[in-house]
Structures are given as structure tokens and as C-alpha cells.
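Structure, as C-alpha cells:
The values are calculated or read from the model by the stated rules, or taken from the named source; none is laboratory data. Note that this is a predicted model, so its numbers are computed, not measured. Backbone-built Cβ (ideal geometry, glycine too); neighbour counts: all protein chains shown. To get the accessible areas, we keep the full protein, side chains included, count just its heavy atoms, and leave off ligands, DNA and RNA. Shrake-Rupley method; radii C 1.70, N 1.55, O 1.52, S 1.80 Å.
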Amino acid sequence: MSEYLFWIPLLPLLGFLINGLLLGKLPRPVVSAVACVSVGLSFVLSLLLFFELRSLPPAAREIEQVLFTWIAAGSFHVDIAFLLDPLSAVMILVVTGVGFLIHVYSTGYMHHDKDFGRYFAYLNLFTFSMLTLVLANNFLLMFVGWEGVGLCSYLLIGFWFHKKSASDAGKKAFIVNRIGDFGFLLGMFIIFWQVGSLEFKTVMEQAPAMFVAGGGLITAACLLLFVGATGKSAQIPLYVWLPDAMEGPTPVSALIHAATMVTAGVYMIARSSVLYMMAPDALMVVAIIGAATAFFAATIGLAQNDIKRVLAYSTVSQLGYMFLACGVAAFGAGIFHLMTHAFFKALLFLAAGSVIHAMSEKQDMREMGGLKKYLPITYMTMLIATLAIAGIPGLSGFFSKDEILWKAFSSQHGHWLLWLVGFITAGLTAFYMFRLIYMTFHGKERMDEHTRSHIHESPRSMTVPLMALAVLSVIGGYIGMPHIFGVTNYFEEWLAPVVHGPGHQAASHALAAAGADTSMEWALMAASVILVIIAIFVARHFYNKKPEAATAMAEKMSGMKTLLANKYYVDEFYGATVVRPIVNGSLFLWKFVDVVIIDGTINGLAVISRDISEVLRYVQGGKVRNYATVFVAGVIVLVAYFIFG
Amino acid sequence: MVPIHAYLMLAMILFGIGAFGVLVSRNVIVMFMSVELMLNAANLVLIAFSRALGVVDGHVFVFLVLAVAAAEAAVGLAMIITIYRNRETINIDRYNLLKW
Amino acid sequence: MTLDYAIFLISAAVAVFGATMMIMQRNPVASVLYLILSLVAQAVVYVQLGALFLGAILIVVYAGAILVLFLFVIMLLNLRSNPELSASLPPLGWFTKVAVPVLMVVELYFVVDRVIWPPVPTGIVGKNPDFGSVETVATMMFTDYMYPLQLTGVLLLVAVVGAVVIARRESAEPRKTTASPDNRNEQPIDTVAG
């Protein structure tokens, strides 16, 4: 079975090749069949391999398949090789599973688009790249996947490239990601320089011997890798591209900008957990950035009116949670939240897509309202996802978020301040998510007549994935229940062989030794649940019962509201401090350095030699005797040199 | 006994006359003959030194130069004929298409 | 002034005279005849230097065959003395074209001046009567200089083939129409006038 590992990424690649090479030649049913079947088969294969992996003893849970040597130059050796271990198994299941559902959903959502084939080709290419990223057994191949998903993200954000905002958003995403990729590359160089290999296993085994724990080099390497992660996973300061990425088709937002690609940074840090454990300073930075991003993005999300943008900021915020988890060395909790988030955030986006579909492509929540009776399935599924993300007990988001908060509080790398930020963010999350629900599905119908007449529930191909994801959002958390419930945390155990951290070794005996601690954990859990419920009622008060109170409130706090609605003016700040100087500098380089100095020099040389030649060419008079004369004169000079010289 | 310088002077003068002929003659055939004359001047030097050194190697060289001169004459005259056929003149100054 | 010296001076004078006259002639046929005269005089000098074989070769092959080939070509092209060919050069042209050979001769004089060999033995009968005979030259040629000789043979063969290819007409068409359109286009107008 394990020799079929490479088919998991290869199948989507084949789908991409078929759809991409025969672009516009295949009928739509064939295109969607190829795309969905390739990813679906990949999912089935992933499941089979997952069960095979589970049948192995925990220490031996590792399937490695070396396909061929990619680069061999001196001591530098890189293989095209795939590694399936508990961590990548979780990732491929999420990628192919959620990916498959989103493919199916897309067949309905994109049905009217004329670039149907191109869309699915990109989507398959993305799936291939993402699987390469998570299955790679070395940093370089991971980087290939990393770049591949970046490319697909660019292509899909700018899918409707005839819209200027979409193509601009694509460029923005690509350029901002380049900054992160540069950091990733540098981090990779440091690792190779010190360890002499890029293979994960070798690096993780050798790192303790090659690096001074807590030293400058390992900290630099980890921070640089983290820069890569902030780019890909939209963390401060490189998060600005993700909200704009909502210009892409909604299923793309669900797949790439919520469920899978943006989590690549979390995956990468979890994968490098050994390195991060050796660099506590870097861990602290990760935790602080994660917590800050979570809070910051959540506040922006409070004031957005575009349904997809709310979700985008929510994604940034949730990613911040994951990094917070990684930063307090609770890598398992980070991956756990990654997985549950993939379920409920994909569901939220797909449901939002369903709403947008019904609303004739309108995304402004101020023009919605009262959609509950028109879109019952969408409403139900979206409500489940909202409850999950808000952290209502019993749903997946509760378990993962609560674990992160608890780890932030209790871990030796944690701090009560980190917990507090996460705690407040949880309240904000519940608030803005229910604001979204109330504005969209409850209250007065604010859309115009024309739109209202077109509202319809989405087709089966879209609602079935919604329901499937809703089920996952509910049950997804039960594999990782906290210890205080008196059950085994299967998820943490599953990841334990790969993801290193004190949380895991300490987990079991911490449980045993912490009779006193349990009450603390219960207390914190209760506190966050209460906060969430309060937040929900506040949202209900403002956006359902008394919308005028919200307006009044907004007027009172108009300064704050403007600040939030304009996203703290971060884009403007970047524009003024980074983009404008670069543009001006480039203009200078272009208009002056390139055109005047470089072109001037080159053209000047050409002009000079042309003018000289213009005169000198008359030497070539075509008279053979003159040539002979000059020739003989030359001989005379030479002989004179030999005689007298 | 004639000093070797006398032979060398003769060769030198013949060579100079040949060079002068090449440079001033407009008639391509005369020019060509002047080249032959220069070759012969060189031959004369070879034979003079050959005699002075008492070895006949120089004679062999002269023989080879004669052969080369014959080959050159054959090819050169063929070229002259071809050019004449196209240009209808043997004036070297009119063979001036290849300029500027 | 020995007899040898007298013979040398006379033949040298004839050789220089023939060479000078050759380049002064307007009629190319006369040029060829003067060159033959010069070559015969040079052959005398060859013989005086003991090069019996080469002296004979010079007359038979050079004067006899090669220059006849020249004559043949001149006849073939039906060349007469052409005023265009003897038009005087511009003053600057004269100056350079005289000055350059003169300079060269002066320079060669400095070269010759540095030669410090003793006078060469002259006359047909020297110390070694076989010097320069057919036998000695041939022995040398077919032993030590075997490869150069063979290569010279190849060179002659190539030259013959090349001469045939170059001089051949493009096709069997009548002469005036042989010039292909390309060739015609290349002809400047002044050729017709000349």
C-alpha cells in the first residue's frame, strides 16, 4: 500500500494536466468529473494510507517513499521523496477531504462561469502543490510546494482578472508572499549551512548537535522560517494580502485562504518543532505575533460589512490562535485547531458563497437580512459553523480553541497575558460571527426587489458539501478532548511521535500531578464559555433586537468605527512607508539610472563607434593597390622593428 | 670570388622592383608578373645562401617555391579570366565592388 | 675584377633591366617578354652559384611554361595597350607608391649589411663538383624532403582542379547570356563606359 504514496499528489497533477492541456476542449461534466475524481481518489488513498499508518506501532509510524534524486551537487543532496507520518497524514486528510468537498461544491458554484476548465485546472494544481508541501520529506521540496500554492493562490485570486481589483489583489498576495518566501529561503540556508542537509529527519536528528540551544543561529533560523510563515499564513505584519484575496471565487477562499494554504505556515512550524524547541526566544516571538494577530484581526472583523471580509479577518484571527499555540510549544494544539478550523471555516466560506450565489453576487451584509427562510440549509449549516468557531461547548471549535487557551495559560512557554488576549479574542470572535449571522439571516429584508425575486436555495452539489462539513464541524473536536474530561486525547497522542514539545511529555504527568490545576482549567473554560455567550447576546441585542442601538453605538464611537472599518489604516501605512518609496526608488532607477546612465553609456558607446566607423570606413576604398601599399608599409614597420628595435 | 653581398643586393633590387610593380601597375597581369618576380628574388637569396653554406637544402626549397608559383599562376590566371569575363577589364582599380 | 665577377655584373644588369622594363611596358605581351629576359639572366646567376639543375628548371619551367601561360591568357583576353592602364597617378599616389618600395629596399640594405659571410665560391667547378647537380638535389628531395614534395604535388593537383573550376563557365549557354541576372546587377555602369 505504502508504495502508492506518491499517487496522492500525482492524481491531482494528472487532473490538472488533463484539464489544463485540453483547456476548452472538454465538456463541463467531464471537466468536473476529472477534477473531482482525481481529488476524491487521492482522498480515498489518503484514508487507506492513514489506516495503514495507524496499524503500525506509534514509534514506527512513518512511510517514506524516495522517488528519485532531484539535486546532487557535492554534499548537497535533495530527493524527490514523500514522507507520511502522523503530522502529514492529518494534513493530507484535511487537504484532500476538504479539498474534495470544495471541488464538488465548485461544480455548482462555478457552473455559469465561462472559464470553468481553467478554474478546475488551477484548483487541481493547487491540490497537487499543497500535497507536495505537506508530504515533502525535505525543506526544499516543501518550498517547491510552498511556491506552488503561492502561484495557485495568485492565479485563483486573480481568476477574474478582467476585474482590476481582482488582479491587483492577486499581485498583492504574490508580492507580500515573496517577502515571506525570502525569509523561508534564508532560514533554509542557515539550516543547510549548519546541518548540511535539508531532509527533515536528518535535520531534526542532527539539530541538537549542530546548533547551540537558544543560540543566535537557531533563533535566527527559526525567526526566518517564521517570516515565511507570516507571509503564507497571513500574520502580522504580512497579513494584508489575505482580506484582499477575497476577490477570488468563494470556493477558492474556502479552500486556499481558509482551510489549507494559509495553514501551511502552522504546518511548517509544527514540522520544525524540534528547531523551535531549541529557540525559546523565537517561540516567544511566534506566540506574541500569533496573539497580537488574533486580537488585531478580530477587532477589524467587528466593523467590516462585506460578508467575505469578515470571514477573511476571522481567518487571520484564527490563524493567530494557531501560531499562539505553536508559540507556547503546544504544536499539537495548533494542528488540532488547524484541522477543526479547516472544517468550520471552509463551511463558513462555502455557506457565505451560497448566500452570495443566492444574492446575485452581492456581498454587502447591509443589503441582506432575513435570509433564514429562503436558505434553510445554508442557514443551518452556517449556524453550526458559527457556533463551532465561537466555541460553544460540544462543537469542534470549542475543544481546539479551549486547548490553545489552556496551553497559553499553563505551558512553560505561556503567560497569562497571552491567555488574556486569546480570551478576549474569543469573545470578539463570537460577537462578530453572530453579527454576521444576524445581519445576514435575521431581521428585516434589506435587499432590493429584483434581488429578492432571485433568491433561491443552492443546488444539491453545493448543499451536500455544506452538510458534510457541518457534520465534521460538530464531531471533529471529539478526537482531541481535553484530559480533564477524563478521556484520552487521541489527537495529541497521534501526533506525539512527530511533534515535539514539553506539552506532550508533560501532558500525562501534568495531569497526574495537577490535582489543583484541574480546577483552574475548569475555571478558565467556564470563563471563556460565559464570555462567548455574553458576546452572542450582545450581538443579538445590537444586530437583531435593536439595530438602531447599533447605529447609535456606532455614532458614539464613530472614531473607533472609522479606524476599524479602515482596518487601522495598515494598508495606507504600508503604502506610504513601503510601497511608495519602492515605487519612487524604482522610478528613479528606471528614469535616471537605467535610461540615462546605463542606456546612455551603452548607446553612447555605440554612437561613438558608429561615428568613428563612419570616418574610418573610407579606408576600405576598394582599391587593391592601396591595400597592398598599406600592407607593404606594415611589413616595413615590422622589419624595422626587428632590425632596429 | 664574388662577395655574397653582391647576390643579396641583386635579389634586393629585384624584390624592390617587383614590389614597385605591384604597387603602381594598374594592369592586373603585370601586377601578377611582378609578384612572380618577387618570388624569384627570394629564390635567388635561397640559392646564394645555399652555396655559401655548401648545402643543397636551399635548392629543394627553391624547387618547392617554383611549384607553388606555378600553382599560384594557374589559379590566379583562372581568377583573372573569370573576373574579366564579368567586368570586361583588367584594370585593378575597377575591381572595386568590395568597398565601404 | 675576375671573370666570375664580370659575368655576375653583366647578368645582374640584364636581370634588373628586364625587370624594370617589364613594369614600364604598356603592352602586356612586351612585359612578359621582358620578364623572360630577366629570368634568363637570373638563370645565369643560378648556374654561377652552382645551381645547375635549378637554372635549367628556371628556364624550362618558368620561362618556358608559366610565362607562356601568361602569354596565353593575354592572347585569350585579347589585351592591347590600354590608355586607361597607363594614366598617371595623382602626385600623392606617386609619392607613396615610390616611397614605400624605396624604403623597403633601404631597409633590406640594412639587413644585407649585417650579413658577415665570406664570399661564396662561384663558378661551375667549385670544391664539390656535384654541388647542385640533378643527382644531389633529387637525392635530397626524395629522401629528406619527401613529405613536402608530396604535399607540393597535392597542392599542384588542387590548384589545377581549382583553376578549372574557377575559370569554367557557369553553363554551356552563349557567352553574353552567361552572366546571370545577379552578375548583371552587380555591374556598375562605369564598366560599360570603360
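Observations
- To the nearest ten degrees, helix A:86-109 and the longest principal axis of the Cα atoms of chain A are 90 degrees apart.
- If you plug the beta carbon distance of A:ALA549 and A:LYS25 into 1/(1 + (r/R0)^6) with R0 = 51 Å, you get a FRET efficiency near 0.30.
- Cα long-axis angle, helix A:28-55 against chain A (0 to 90 degrees, to the nearest 10): 70 degrees
- Overall size of the protein assembly as shown from C-alpha positions, given as principal axis extents largest first: 142, 65, 51 Å.
- Net dipole in debye of the protein assembly as shown [+1 Lys, Arg Cβ; -1 Asp, Glu Cβ; about Cα centre; nearest 20]: 2240 debye
- Around the amide H of C:GLY50, modelled in the peptide plane, lie the amide H atoms of C:GLY123, all under 5 Å away and 5 or more residues distant in sequence or on another chain.
- Dipole axis of the protein assembly as shown (+1 Lys, Arg; -1 Asp, Glu on Cβ), positive-most option in A:CYS326, A:ILE236, A:ALA385: A:ALA385
- Entry note, chain A: relative contact order of 12 percent, from Cα contacts under 8 Å with a spacing of 6+ residues.
- Accessible area per residue for the protein assembly as shown is 43 Å², calculated with a 1.4 Å probe on protein heavy atoms, without ligands, DNA or RNA.
- The range B:4-89 - percent relative contact order, Cα under 8 Å, separation 6 or more: 26 percent
- The H on the amide N of A:MET278, modeled in the peptide plane, is under 5 Å from the matching H of no residue at least 5 residues off or on a different chain.
- 10 Å Cβ shell holding at most 10 others, DSSP loop, trypsin sites (Lys or Arg not before Pro): longest site-free stretch of chain A: A:115-443
- Segment A:TYR618-A:ALA209, extension gain: residue separation times 0.36 nm, minus the distance between their alpha carbons: 139.7 nm
- By the rule of a C-alpha distance below 18 Å, with chain neighbours fewer than 8 residues away ignored, the aspartates and glutamates paired with A:LYS171 are A:GLU147, A:ASP181, A:ASP244, A:GLU247, A:ASP571, A:GLU572.
- Potential lengthening between A:THR601 and A:GLU64 on full extension [0.36 nm per residue; Cα-Cα distance subtracted]: 187.7 nm
- Global geometry of the range A:297-347, whether rounded, prolate or oblate, following the gyration tensor of its Cα atoms and the 1.5 cut on a/c: oblate
- Carbon + sulfur, % of accessible area of the protein assembly as shown - ligands and nucleic acids excluded, 1.4 Å: 71 percent
- Between B and C, roughly 7900 Å² of accessible area is buried in total, ligands, DNA and RNA not counted and the probe set to 1.4 Å.
- Between A:ASN584 and A:VAL637, the FRET efficiency from the beta-carbon distance, with R0 = 35 Å, is close to 0.05.
- Karplus-derived HN-Hα couplings along the range A:227-239 (A = 6.51, B = -1.76, C = 1.60, θ = phi - 60°), whole Hz, x at Gly and Pro: 4, x, 5, 5, x, 6, 9, 6, 10, 4, x, 9, 7
- Theoretical gain in end-to-end length, C:PHE142 to C:VAL29 [0.36 nm per residue, Cα-Cα removed]: 36.9 nm
- For the range C:1-84, the fraction of alpha-carbon pairs in successive 10 Å shells from zero, as %: 19, 41, 27, 11, 2
- Computed E for A:ILE530/A:TYR574 - FRET, C-beta separation, R0 30 angstrom, nearest 0.05: 0.20
- Cross-link partners of A:LYS623 among lysines (Cα-Cα below 20 Å; sequence separation of 8 or more within a chain): B:LYS99, C:LYS97
- Kirkwood's formula applied to the C-alpha pairs of the range B:4-89 gives a hydrodynamic radius of 14.1 angstrom.
- Sparsely packed loop sites in the range A:353-449 (the GluC sites (Glu not before Pro) outside DSSP H, G, I, E and B with at most 14 other Cβ atoms within 10 Å) comprise A:GLU361.
- Acute angle (nearest 10 degrees) that the helix A:307-327 long axis makes with the longest principal axis of chain A, alpha-carbon atoms: 90 degrees
- The range A:1-89: C-alpha gyration tensor shape, a/c 1.5 cut-off, then a/b vs b/c: oblate
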